[in-house]
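FYI, it's all coordinate maths here, none of it is from the lab. From a predicted model like this one, the values you see are computed outputs, not experimental measurements. FYI the Cβ positions are ideal-geometry reconstructions off the backbone, even for glycines, and counts take in every protein chain you see.
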Amino acid sequence: MDLVNKLAVLRRNVQSVLLGKAHVVDQVLVALLARGHVLLEDVPGVGKTILARAVAKSIKCDFSRIQLTPDMLPSDILGVSVYDSQSGAFVFKKGPIFAHVLLADEVNRTTPRTQSALLEAMNEFQVSSDGQTWTLGPPFLVIATQNPCEFQGTYFLPENQLDRFMIRVRIGYPDKETERQILTLQPSRTRLNGLEAVMTAEELVEMQDRVLTVRIDDEILEYILDITEATRRSSELSMGLSPRGSLALTQASRAAAVLDGRDYVVPDDVRSLASAVCAHRIQAKSFHDDDSGGAEAIFEKILETIPIPQ
């Protein structure tokens, strides 16, 4: 089986657990292929953890899960040097971040100091301690979850840290028929445990390398630049899209093409991913328009004003 077919099987594998949310699965796989990280932001009970576990189980690689809490220290995630009495030296004990897929549950429940340590490792793809550096991956994917409706005991991610996530995904409630299937099949119990790996870590890295070779025409690059410039000129935004944001949209669009078995980007790749990649990177001027609802609505309005290349 070639890699393109294996990618299609990976897609179906995850969709068999998270029912009725094909577009959500695609967004997470796009980030995986583009070497980005994912922020799953939604209310409890809609399948955030199940989705992350399904992705990890579908790839033959190391998986770690961290339940983040207010008393957690950076060393609890990154690792710590301990004294070895036999050798008479300090030995670095690797933390749970040393995995190919890391699920950071409730990232907004831990302190900014611990959040920063996690996000620094995400950005640099390495961990440094006591003058030594350890590389993370490849592949290396962080899937972080947070509940946007809870405020007590939480530390929401500031804009500069949100910017480290390639995609912010909202799963949403299922429709009535899909929820009927969930109640009947209970895929988190019946299917998730029996899920088998359909791709190795080495094959995934090969697919990630393929993303870099995908062709993107000048007209589509101009479309991405028009979106970027429009956010910077908007009178409703205090912070527009950064170069990191436009680069993330470009890479995500290339990954979407690979996911669909193409070696070229089409305008719909950009348009379908624009909000998920960009909306959490901008900031609305209005106090009432927070960085989730208000900025996203403004970004959607901006998108509607920009002609899609034919």
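What the table below lists for this structure:
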| item | result |
| --- | --- |
| Among GLN251, GLN208, GLN126, residue whose mean-square fluctuation peaks in a GNM of the chain (springs only between Cα atoms under 10 Å) | GLN126 |
| log10 of Debye I(q)/I(0), alpha-carbon scatterers only, for the stretch 212-310 at 0.12, 0.18, 0.21 Å⁻¹ | -0.36, -0.76, -0.98 |
| Under the Karplus curve 6.51 cos²θ - 1.76 cosθ + 1.60, θ = phi - 60°, whole-Hz ³J(HN,Hα) for the stretch 49-58, x wherever Gly or Pro sits | 5, 4, 4, 4, 5, 5, 5, 5, 6, 7 |
| Listed residues GLN146, GLN15, GLN67, most fluctuating in the chain (Gaussian network, C-alpha, under 10 Å) | GLN67 |
| Sequence-distant lysines (8 or more away, or on other chains) whose Cα lies within less than 29 Å of LYS94 | LYS48, LYS57, LYS60 |
| Debye, to nearest 20: dipole size of the stretch 212-310, +1 on Lys, Arg Cβ, -1 on Asp, Glu Cβ | 280 debye |
| Nitroxide proxy distance, nm - points 7 Å out along Cα→Cβ at GLU300 and SER286 | 1.4 nm |
| Mean Cβ neighbour count within 10 Å, used as a protection proxy, ranking 275-281, 192-198, 257-263, 88-94 highest first | 275-281, 257-263, 192-198, 88-94 |
| Cut-off 18 Å (backbone N to label point 7 Å along Cα→Cβ of VAL9), residues of the stretch 34-59 | 54-59 |
| Calculated FRET value between LYS93 and ARG262, using beta carbons and R₀ = 45 Å, to 0.05 | 0.55 |
| For PHE90, distant residues with modelled amide H under 5 Å away | ASP84 |
| For q = 0.10, 0.15 Å⁻¹, Debye-computed log10 I/I(0) when each Cα of the stretch 131-249 counts as one equal scatterer | -0.61, -1.20 |
| Net +/- balance of residues flanking LYS57 in space, Cβ distance below 13 Å, scoring K and R +1, D and E -1 | +2 |
| Under 13 Å, Cβ to Cβ, from GLN208 - net charge with Lys/Arg +1 and Asp/Glu -1 | -1 |
| Highest-fluctuation residue, GLU120, GLU222, GLU106 considered, GNM on the chain with Cα pairs under 10 Å | GLU222 |
| Efficiency of FRET between LEU183 and GLN67 - r from beta-carbon atoms, R0 30 angstrom, step 0.05 | 0.65 |
| Simple Cβ-charge dipole of the chain, Lys/Arg +1 and Asp/Glu -1, about Cα centre, in debye nearest 20 | 780 debye |
| Charge tally in the Cβ shell below 15 Å around TRP134, where Lys, Arg are +1 and Asp, Glu are -1, TRP134 excluded | -2 |
| Charged-residue dipole, Cβ positions (Lys, Arg, Asp, Glu), the stretch 1-139 about Cα centre, Debye nearest 20 | 560 debye |
| Distance between the stretch 100-120 and the stretch 1-77 - C-alpha centres, whole angstrom | 16 Å |
| Extension gain (nm, one decimal) between SER81 and THR190, 0.36 nm per residue minus Cα-Cα | 35.2 nm |
